[in-house]
Every structure is written in structure tokens, then in C-alpha cells.
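The values are calculated or read from the model by the stated rules, or taken from the named source; none is laboratory data. Computed from a prediction, not measured in an experiment: that's the story for all the values here. Note: ideal-geometry Cβ built from the backbone for every residue, glycine included; neighbour counts use all protein chains shown.
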Amino acid sequence: MTPILHSVDPSTIATCIEANINDYLLSYARLPGAALHADEMSVWVEARVPGASFNSIVWARFRPEQIDQQIETVLGHFRARAVPVAWHIGPTSEPAELGRILLQHGLAFVEEEPGMALNIEHLNDDFAVPSKLTIDPIDDEVGLRDWVSVWLYRVPEELRTAHFAARRTLWLERERPMQCFLGRWDGKPVATSMVFLGKGVVAVHHVVTLPEYRRRGIGSAMTLHVLREAQKRGYRVGVLTASPDGSGSYRKIGFREYCSIRRYEWEPNDRS
């Protein structure tokens, strides 16, 4: 087990952010029938669940003279099953032009998010928690179903049901590195967040607030809550990747940017 980091070291924190995110993505290798592949050139998980959330290449370090062949070898595992896959490029991926070459192999650029970190003991918690908001950990299927419904509020019900079924076992295990939290406004589920412990740091994931409840301080409250809970467990460094909508709020809390994570995806209905 990686020792808990005592503080943010600018020279190494980018690698820690990437490693924690990769651990989270690779946790889906514990799903029934899933496979984890790891060698000196690439690390990826292939799950028996359709969707790029569950099938990811999280790291690659390819030799330029063989890069086309190596990319096709990895993608071949997913193309053979017609399964969507996400390819994540972080600070330790190589070569530098990997993203450009992935586009040539039929993947589509999806997003680039800053990797951010803070020392939890120095966070700015000068935010009032709305009086109507309660935040509770999720430890049963009823709560997790509500959590998934809020988190994936924009997707059809059948997809929410599929995501719930796939994640239910992993996210409710007795000994698990993640913990989901549900925010309720006057008892109604309106917000989500999740903490993932790994590589000596605590990562904040899936901070979502229903649109009609935004701009009330709920997202900041959900983020601060999980950081404080992690601090009680001895963790001192928090990390995350920020969407364009959330980066400003995270900076107000005290997060600073140290790297970027890009994501590309291949879909089986692509012309490639």
C-alpha cells in the first residue's frame, strides 16, 4: 500500500493525480468477466459491460517507430467485441504526439481537464452549508439507486439502471476504496459526490447537482464534505480533475492545477 502523502510536492503530484485516477478506472477489472492488461507498454481494462466508462486504456508508452502497430493491437481487443473504449492520456503517457495519432486511428477527442490538488489542512472552508442540505454516505442499494439517478440525471432510465447494476457490487463492498455521498435538499436527492482513496491521496469524483438546485453552494458543500471525511481517515492531499463548469469553484476551495488529462473515445459505429 502506498504511504499517505503528507503534502503536495509540485515535482511529483502530477504523477500521483494520474496514478489515483488510473486506479479508479482499473477498479472495473474486478467486475465479473473483466480482464486487466498491464505490461511495459500499456495498461488497460476490458470489462464485460458496454460503455467507455468501463473499458479504458489508462496509460501507454509506445515507441514512435512502432506506434501505429501498437495502437492497433490495443484497439483490436475492443473492436473485435464492438465495445466502446476511452483512451486517457496523462502526464506520463508517451509519445507527446499520442493524441494526434489516436485521431488518425479513428478515435475522437472528448475533453481535456486540469488535474488539480491541494493540502487538505489548508483548504478554504469559508463556505456556509445551506440549511436545507443534508449529506449522507451511501451504504445500501436504495441509497445507491438514488445516487445514480441524480448523477446520471441526463441519461435515459434504462442506462441509469444498467450503470447501477454494473457498479452496485463494487461500490457497496465492505472493504472498498470508494465512498459515495448523496446530498438531499429538504429530503429530496439533488446532489452527488464520491471519494476514492488510492496512491496516498484522496480523489474527489462525480460532483453533480441537479440544474434547478445549482448556484446555492451545494457543489462546494459536497466537495468539502468528502475532503473532511478523508481527513478524518488520515489523508492530507486531495486531488481531482475539473470540468470547465467546476474548475472555478475548486480554485476557491484551494485546488491548484498541476497537469492535464485528455480523453479520447472510440465507438463501434464510427466509420473507422
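The conditions are (1) surrounded by 13 or more Cβ atoms within 10 Å (Cβ to Cβ); (2) assigned by TED's automatic domain parsing to the domain that holds I17; (3) in contact (Cβ under 8 Å) with a residue 60 or more places away in the chain, and I101 fails exactly one of them. Which is it? All conditions are met except number (3). Of the listed requirements (1) without any contact (Cβ under 8 Å) to a residue 24 or more places away in the chain; (2) crowded, with 17+ Cβ neighbours inside 10 Å, F181 misses just one: (1).
Among the residues of segment 160-178, some residue qualifies, meaning at least one is at pLDDT below 95, within 14 Å of the chain's Cα centre (by Cα), over 21 Å from E121 (Cα atoms) and buried (at least 21 other Cβ atoms within 10 Å of the Cβ).
For segment 65-80, give me each residue that is of a type in the set (A, V, I, L, M, F, W, C) and either more than 12 Å from L98 (Cα to Cα) or within 24 Å of the chain's Cα centre (by Cα) (or both).
Result: I71, V74, L75, F78, A80.
Working only within segment 188-198, note down all residues that are surrounded by fewer than 23 Cβ atoms within 10 Å (Cβ to Cβ) and either under 19 Å from F255 (Cβ atoms) or outside the structural domain of L224 (by TED's automatic domain parsing) (or both). Correct list: M194, L197, G198. Residues in segment 104-137 that are loosely packed, with under 13 Cβ neighbours inside 10 Å and polar (S, T, N, Q) were compared, and the one that is farthest from T73 (Cα to Cα) is S131.
Answer with yes or no whether S11 is farther than 13 Å from F78 by Cβ, among the polar types (S, T, N, Q) and touching a helix residue (DSSP H, G or I) at 6+ places or on another chain (Cβ under 7 Å).
Criteria not met by S11.
The combined condition, being within 15 Å of R263 (Cβ to Cβ) and of a type in the set (A, V, I, L, M, F, W, C), is not fulfilled by I71.
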